[in-house]
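Reviewing the structure listed below.
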Amino acid sequence: MENITTVFKEKKLKLTPQRIAVYKYLQSTKEHPSAELIYKALQPTYPTMSLATVYKALKTLISVELIIELNVGEGNFRYDCNMKPHPHIQCVNCGKVDDIEGISFSNVLEDVKQYTNYDVIATRLYFYGLCENCKK
Ligand SMILES: [Zn+2]
Ligand SMILES: [Zn+2]
């Protein structure tokens, strides 16, 4: 919470209850929810909040680098407040997205630099598979 208050103050942005609610929800889950899912989850507490407001809150949170947007393909966006670079794996059957923790990709980044003249500033790594539930 301190984090979001400081960041919004620094950027001179208004910290609305909706923005806090969206951020808090993302902090409470590891599910990498879509905007629709966040909207539905917040409905009982914020009945007047529209899906458009959720989208706007997400955009703002992305712009101040508190969350990231994951494009898991076909215009399917998920949101994550874990800002530590980490790869993701998605189930091709149910669409579930999980973090892959404990793997270091610093070697890959070093390797990539040998094959390009670009200054590499970011990377997104996705893996696809069948989750535990869908394997059954
Ligand atoms: Zn699955
Ligand atoms: Zn993640």
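Bear in mind that the values in this text are calculations on the coordinates, not laboratory data. Here the structure is a predicted model, which means the values were calculated and not measured. As a convention, Cβ positions derive from the backbone with ideal geometry for all residues, glycine included, and neighbour counts pool all protein chains shown.
Given the pairs Lys14/Lys96; Lys84/Lys113; Lys59/Lys96; Lys96/Lys136; Lys59/Lys84; Lys84/Lys136, which span a C-alpha to C-alpha distance of over 24 angstrom in this model? In this structure, Lys14/Lys96; Lys84/Lys136 lie more than 24 Å apart at Cα.
Note on the range 1-83: Cα-Cα pairs beyond 18 Å make up 36% of the total pair count.
Annotation note: GluC sites (Glu not before Pro) in the range 1-100 located in DSSP loop regions with a Cβ neighbour count of at most 10 within 10 Å are Glu65, Glu74. Think of the range 78-119 as a dipole: +1 on every Lys or Arg Cβ, -1 on every Asp or Glu Cβ, centred on the Cα centre; then among Cys81, Tyr118, Phe105, Cys81 lies furthest on the positive end.
Please report, in debye to the nearest 20, how large the charge dipole of the range 1-83 is about its Cα centre when each Lys and Arg carries +1 at its beta carbon and each Asp and Glu carries -1 there. Write down the numbers at each step before the final one.
Working: 11 positive and 8 negative charges, 74 e Å.
With Lys and Arg at +1 and Asp and Glu at -1, about 360 debye.
How far, in nm, would the chain grow between Leu15 and Thr123 when pulled straight, counting 0.36 nm per residue and subtracting the alpha carbon separation?
Working: separation 108, 0.36 × 108 = 38.88 nm, distance 2.93 nm.
So the extension gain works out to 36.0 nm.
Once C-alpha pairs closer than 8 Å and six or more residues apart are averaged by separation and normalised to the residue number of the range 1-83, the relative contact order reads 31 percent. Between 0 and 90 degrees, rounded to the nearest ten: what's the tilt of helix 106-115 against the longest Cα principal axis of the chain? For helix 106-115, the angle is close to 60 degrees.
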